[in-house]
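Peer 1: First the structure, then my questions, so here it is.
Read the figures in this text as sums done on the coordinates, not as results from a lab. Because the structure is a prediction, the values reported are computed rather than measured. Every residue, glycine as well, gets a Cβ built from its backbone with ideal geometry; the counts of neighbours run over all protein chains shown.
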Amino acid sequence: MTYNWINPEDYSMDTLLYFDRWVLQYLLSRQPDEKDHTAYQSLVGRALWRYPHVVDFCRNKAPECAAYVDAALALVPHDLDDRAARQAETDFLRYHETFVVYAWPEAMEQVNYIADWDRKWLDELIDLCGMVVLDVGAGTGRLAFAAARDALRVYASEPCDRLREHMRDRIALTGIRNMKVLDGMVTCLPYEDATFDAVLSGHVVGDDYEGELGEMRRVTKPGGWLVICNGDDQFRRKRPDPELTRRGFEAFCHESPSGGIIYNYRLRV
Ligand SMILES: C[S@@+](CC[C@H](N)C(=O)[O-])C[C@H]1O[C@@H](n2cnc3c(N)ncnc32)[C@H](O)[C@@H]1O
């Protein structure tokens with residue numbers, strides 16, 4: 001699915017130089033939704049063909065991907081020219097636009113789910129005054145910065161280095177004193193049990209509900225809150241996520257200025 005978050009013509013495969021190992025592992029491997037694995041691997045090879053320094057970087061940053069990349073390059077046709085290689089490059093970047101923006105936080109902040117969002121939707125779900133809060137998969141800090149206005153302390157957990165640095169720059173620029181930025185994957189959070197009064201997330205839960213929610217619940221204090229506060233977009237959802245309501249989450253709904261029907265959720269632990 002293409003969201004048109006970026007114009008891929010504006011980017012190059014040098015974008016991969018800004019990615020963490022876990023992102024390279026995903027991009028340089030079989031795609032779960034892709035039926036034709038060879039076609040995808042061939043795209044990878046053609047897209048990387050003009051970028052030996054990027055190939056070198058990927059080999060060293062994520063050595064487990066080296067064999068996949070070698071096999072991808074071996075699929076490149078002998079008569080590939082620069083134009084066809086550039087086409088493959090833009091196709092690859094369009095295909096992975098949701099990752100490309102992780103390397104370019106300013107572009108990510110222009111995407112409607114962040115740009116059109118209003119903090120009132122977080123306020124509707126929870127009063128964070130006096131709370132110690134975790135934002136999981138914080139991205140550019142949409143929720144974490146909103147939370148920092150009221151909460152006692154906010155920890156923004158984010159596995160992309162570029163996004164962590166972006167949040168740290170904004171903290172330094174604005175002088176916010178109650179927010180810290182840390183690394184962390186949702187299924188393996190580097191915190192003791194029952195640490196937080198509230199654990200927030202947006203667009204992070206969904207690949208593995210049990211693993212993700214189980215870990216978020218583990219680090220939440222008894223009586224604390226799990227809050228899923230999504231951004232505003234154009235998608236007109238017809239009902240709340242049944243995986244969340246089935247697990248006891250209360251759903252809140254609003255119509256977005258982007259045109260979408262947005263559901264947000266909370267659960268008392
Ligand atoms: C679509 S963005 C949402 C960013 C932010 N939560 C928001 O709603 O504005 C998803 C974020 O989750 C992070 N992410 C992806 N996989 C993750 C994982 N397994 N654990 C934690 N964060 C993850 C990404 O790096 C990215 O910042």
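Peer 1: Taking the range 1-67, which GluC sites (Glu not before Pro) meet the DSSP loop condition and have no more than 16 other C-beta atoms within 10 Å? Provide the component values of the computation, followed by the final result.
Peer 2: Details: sites: GLU9, GLU34, GLU64; in loops: GLU34.
Hits after loop and neighbour filter: GLU34.
Peer 1: Still on this structure: Could you sort the peptides 13-23, 249-259, 149-159, 133-143 by per-residue average Cβ neighbour count (10 Å cutoff), highest mean leading?
Peer 2: On the way: 13-23: 18.3, 249-259: 15.0, 149-159: 22.0, 133-143: 26.6.
Result, highest mean first: 133-143, 149-159, 13-23, 249-259.
Peer 1: I would also like to ask the following. Placing +1 on the Cβ of each Lys and Arg and -1 on the Cβ of each Asp and Glu in the chain, which of LEU213, TYR113, VAL69 has its Cα farthest towards the positive end of the resulting dipole?
Peer 2: Value: LEU213.
Peer 1: While we're looking at this one, here's another question. Taking the alpha-carbon distance from LYS180 and a cut-off under 30 Å, which lysines remain once sequence neighbours fewer than 8 residues away in the same chain are dropped?
Peer 2: Answer for LYS180, where 30 Å is the Cα cut-off: LYS61, LYS120, LYS221, listed by chain and number.
Peer 1: Return a whole-number percent for the relative contact order of the chain, with Cα pairs under 8 Å and 6 or more residues apart as the contact set. Could the numbers behind the result be given before it?
Peer 2: Details: 478 pairs, mean separation 40.4, N = 269.
Relative CO of the chain lands at 15 percent.
Peer 1: Where the centroid of each part is defined by its Cα atoms, how far is the range 180-208 from the range 1-35 in Å?
Peer 2: About 24 Å separates the Cα centre of the range 180-208 from the one of the range 1-35.
Peer 1: In percent, what relative contact order does the range 8-103 have, based on Cα pairs under 8 Å that are 6 or more apart in sequence? Intermediate values should be presented prior to the final figure.
Peer 2: Details: 108 pairs, mean separation 40.1, N = 96.
Contact order relative to length: 42 percent.
Peer 1: Can you give the charge dipole size of the chain about its Cα centre, rounded to the nearest 20 debye, using +1 on the beta carbon of Lys and Arg and -1 on the beta carbon of Asp and Glu? Spell out each step's value before the answer.
Peer 2: Working: 32 positive and 44 negative charges, 124 e Å.
Computed about the Cα centre, the dipole is about 600 debye.
Peer 1: Would you mind getting me the FRET efficiency between ASP82 and ARG237? Use the beta-carbon distance for r and R0 = 41 Å, nearest 0.05.
Peer 2: Details: r = 43 Å, r/R0 = 1.05.
Result of the calculation: an efficiency of 0.45.
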